[in-house]
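K.L.:
The structure's right below; bear with me while I get my questions together.
The values are calculated or read from the model by the stated rules, or taken from the named source; none is laboratory data. This structure is a prediction, so every number in the text was calculated from the model and none was measured. Note that we place each Cβ from the backbone using ideal geometry, even for glycine, and neighbour counts take in every protein chain shown. Side chains included, ligands, DNA and RNA excluded: accessible areas come from the protein's heavy atoms. Shrake-Rupley method; radii C 1.70, N 1.55, O 1.52, S 1.80 Å.
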Amino acid sequence: MTSAAGLFDKSLRTHADLQSFWEQDAAGAARWLVEVAHAAGARPAGIEALIEALGEGSPSREKKLNGALERFPGLLEVATGGFEPEQAARLRTRGWEMKAGSEPPAFTGSVKMRGEYVQLVTAGRTFTLASPQDTLRAWGGEVSAFLGSVVTVRGWPDVKGDTLLVQEFAPGSGSDFVTGRVQLSPDGVLGIRVHPQKFVVIGDARLSEELRNFVRVGLLLRGQVSLTPGNEANSYRVTEVPECVYFLCKLKHDQASHEGQLHGDKALFLAATPHPQPPPQGHAPDIFTDIVLPAGAMNAPGSKGDRRFVYGRIAGASEPLGSGIPRTGQRALIAQWASGGVETKVHFASEKLSEGRTWAQDITAFAAAIDAAPASHSYAPPPGSPHLGA
């Protein structure tokens with residue numbers, strides 16, 4: 001992170017602030033403008049010239065960036081703020097307008113709690129995390145499972161700039177991830193339902209087959225993930241996946257000792273996970289999944305709620321779980337790590353927080369929330385995992 005980026009993140013982000021940022025760090029300011037345009041689905045005049053110039057080596061990069069700005073000075077107007085109607089109209093003619101249906105931006109920061117609310121501390125500001133009014137994807141509350149860790153959240157900022165409506169999240173930095181519920185499409189294709197307008201087809205044959213017994217289970221898919229348009233309307237396709245993924249479950253255990261049934265250096269826990277075929281009305285009872293974890297893995301920091309993420313791989317139908325470890329059902333995970341717990345009050349507080357808020361659809365309010373400073377953290381998988389790299 002350059003000092004110029006840090007100063008811009010803490011400024012009022014006026015035209016003068018952005019101009020000063022550009023003069024001190026043209027590449028950093030250009031990257032920020034490209035990120036704002038990409039996240040908003042906007043194509044302002046001159047953005048392609050910035051993208052091309054950023055691919056150049058120094059010193060030709062700075063020369064080309066300044067040349068692009070001379071030809072397209074309107075690029076800096078996105079940060080002026082407080083527009084009169086005619087100024088806002090001028091921005092739209094230059095392409096600085098959010099496009100309906102675009103993906104929300106990604107924000108990277110560390111997780112902390114303020115009372116029962118989850119907060120994300122980024123390079124430039126602190127956001128409180130809200131969830132849609134839908135308990136099957138109340139991810140804003142579930143982020144508390146990674147208290148004290150670095151996570152990346154994809155979400156819409158509110159117009160005040162202090163709250164994010166979380167659509168997806170994953171531990172670590174970088175935006176290659178999928179968060180949602182395992183689902184079968186009407187034509188039998190297995191994927192992850194992020195929200196009603198986003199269905200991510202699982203293009204990996206191995207994982208697709210393994211997850212057919214985990215329909216409706218919450219999942220974080222993190223690693224070298226490629227998203228491209230899929231075969232279903234408003235869908236995407238993930239084609240590169242790691243062996244281990246994060247599963248959301250209600251992990252039953254001894255609250256006093258935080259231990260399951262011990263088998264040497266392993267412990268067997270029973271996790272309540274959603275039934276794959278809920279009845280048309282009412283709620284189907286949860287079913288149990290066997291979770292094998294290293295002994296002592298439940299001593300993760302955080303609250304004592306029983307909703308947790310476990311990181312591991314799906315065990316084959318006939319695969320032994322370990323010496324002397326019995327199977328209690330058809331679902332089983334060989335896990336390496338368990339997150340802290342998510343308390344019920346935190347889960348519902350994130351939903352309550354979204355009531356009555358207006359989410360930013362104006363490009364200037366939107367740009368005010370995007371950090372200029374790049375994330376200073378790289379992704380590191382849970383201890384003992386060789387699958388995702390350091």
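K.L.:
What order, most packed first, do the peptides 326-337, 133-144 have when packing is the mean number of other Cβ atoms within 10 Å of each residue? Before the final figure, lay out the partial values.
P.N.:
Values: 326-337: 18.1, 133-144: 21.8.
Most protected by this proxy first, the peptides run 133-144, 326-337.
K.L.:
Same structure again: So what is the accessible area of segment 159-210 per residue, in Å², with the probe set to 1.4 Å?
P.N.:
On the way: 1890 Å² over 52 residues.
Per residue, segment 159-210 has 36 Å² of solvent-accessible surface.
K.L.:
Rounded to whole Hz and in sequence order, give me ³J(HN,Hα) for segment 325-335 from the Karplus expression 6.51 cos²θ - 1.76 cosθ + 1.60, θ = phi - 60°, writing x for Gly and Pro.
P.N.:
Coupling constants for segment 325-335: 8, x, 9, 10, x, 8, 9, 8, 10, 9, 10 Hz.
K.L.:
Counting heavy atoms of the protein chains only and a 1.4 Å probe, report the per residue accessible area for segment 6-50 as a whole number of Å². Present the calculation step by step, with values, prior to reporting the outcome.
P.N.:
Values: 1860 Å² over 45 residues.
The answer is 41 Å² per residue.
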